[in-house]
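Below is one structure, written out as structure tokens, with a few remarks after it.
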Amino acid sequence: MKAPNVRAPSVRAPTGGVKRRWFRWLGLFLLLLYLEFLVGSGGDALAHELAFVRFALGALSGLLFVLSTVDLPWRIEWYRLAGLGYLCFAASYLLTNLAAEDELWWLAVSLATAALFGFMGFDIARGGRHFDIDDADA
């Protein structure tokens, strides 16, 4: 006689997690932050190549977050844009902190934080299971 296949029911409770619409606000915040950086420095900070790359990656992350909340005519899923936004932000964060400090503990903290944002971006972009984002109220 075969044992019955008993499995616990899976219940998906509302968790109050991240909603797609919040990427719009995150993107606008990042765009305003980098615009303030540009205006505050008088544009002189972009004269160096590394500063320009940091600024471009940060502003691109904000733009990608905003675009992930808009229905675009492209054949690309919105969560891929949001994941790419996290990856750009991780790269900008890492470049900014590596250029700012030379202490070993700050290097370790910066690498760990950038790795976290990078993992979040990678998982969201692939539609992974670790960071579930509700698409209901875009």
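The values are calculated or read from the model by the stated rules, or taken from the named source; none is laboratory data. Keep in mind that what you see is a predicted model, and the values were worked out from it rather than measured. Because the Cβ atoms are built from the backbone with ideal geometry, glycine has one as well, and the counts that use them run over all protein chains shown.
Quick test for you: out of 96, 113, pick the one residue that is surrounded by 13 or more Cβ atoms within 10 Å (Cβ to Cβ), more than 15 Å from the chain's Cα centre (by Cα) and either modelled with pLDDT of 75 or more or among the hydrophobic types (A, V, I, L, M, F, W, C) (or both).
Working: 113 fails: more than 15 Å from the chain's Cα centre (by Cα).
96 is the lone residue from the list that is surrounded by 13 or more Cβ atoms within 10 Å (Cβ to Cβ), more than 15 Å from the chain's Cα centre (by Cα) and either modelled with pLDDT of 75 or more or among the hydrophobic types (A, V, I, L, M, F, W, C) (or both).
Out of all the residues in the range 117-126, is one or more loosely packed, with under 13 Cβ neighbours inside 10 Å, touching a helix residue (DSSP H, G or I) at 6+ places or on another chain (Cβ under 9 Å) and either at pLDDT below 90 or within 20 Å of residue 60 (Cβ to Cβ) (or both)?
yes
Within the bounds of the range 76-84, is there any residue that is surrounded by fewer than 19 Cβ atoms within 10 Å (Cβ to Cβ), without any contact (Cβ under 8 Å) to a residue 40 or more places away in the chain and at negative phi?
yes
Could you tell me how many of the residues in the range 96-108 are touching a residue at least 12 places away in the same chain (Cβ under 8 Å) and either touching a Gly at 6+ places or on another chain (Cβ under 6 Å) or aliphatic (A, V, I, L, M) (or both)?
Filtering the range 96-108 down to residues touching a residue at least 12 places away in the same chain (Cβ under 8 Å) leaves 96-99.
From the residues that got through so far, the ones that are either touching a Gly at 6+ places or on another chain (Cβ under 6 Å) or aliphatic (A, V, I, L, M) (or both) too are 98-99.
Counting residues in the range 96-108 that are touching a residue at least 12 places away in the same chain (Cβ under 8 Å) and either touching a Gly at 6+ places or on another chain (Cβ under 6 Å) or aliphatic (A, V, I, L, M) (or both) gives 2.
Could you list, in sequence order, the residues of the range 39-62 that are within 21 Å of the chain's Cα centre (by Cα) and more than 14 Å from residue 83 (Cβ to Cβ)? If you could, list the steps in order and put the result at the bottom.
Narrowing the range 39-62 to residues within 21 Å of the chain's Cα centre (by Cα): 50-62.
Result: 50, 51, 52, 53, 54, 55, 56, 57, 58, 59, 62.
Could you check residue 93 against (1) of a type outside the set (Asp, Glu); (2) free of Cβ contacts under 8 Å to residues at least 24 places away in the same chain; (3) assigned to a helix (DSSP H, G or I) and say which number it fails?
The number of the failed condition is (2).
Looking at the range 52-90, which of its residues are of a type in the set (Gly, Ala, Ser), out of contact with any Ser or Thr (no Cβ under 9 Å at 6 or more places or on another chain) and in a helix (DSSP H, G or I)?
So in the range 52-90, the residues of a type in the set (Gly, Ala, Ser) come out as 56, 58-59, 61-62, 68, 82-83, 85, 90.
If we keep only those that are out of contact with any Ser or Thr (no Cβ under 9 Å at 6 or more places or on another chain) as well, we get 62, 68.
62, the sole residue that qualifies.
Given the residues 87, 28, which is the only one that is touching a residue at least 24 places away in the same chain (Cβ under 8 Å), hydrophobic (A, V, I, L, M, F, W, C), under 25 Å from residue 130 (Cβ atoms) and in contact with a helix residue (DSSP H, G or I) (Cβ under 9 Å, 6 or more places away or on another chain)? It would help to see each step written out before you state the result.
Values: 28 fails: under 25 Å from residue 130 (Cβ atoms).
On inspection, the qualifying residue turns out to be 87.
For the range 15-38, indicate whether the set of residues that are at pLDDT below 90, closer than 19 Å to residue 127 by Cβ and among the polar types (S, T, N, Q) is non-empty.
Yes; the residues of the range 15-38 include at least one that is at pLDDT below 90, closer than 19 Å to residue 127 by Cβ and among the polar types (S, T, N, Q).
With part of a helix (DSSP H, G or I) and over 18 Å from residue 53 (Cα atoms) as the only criterion, which of 116, 98 stands out? Spell out how you get there, then give the answer.
Details: 98 fails: over 18 Å from residue 53 (Cα atoms).
Checking each option against the conditions leaves just 116.
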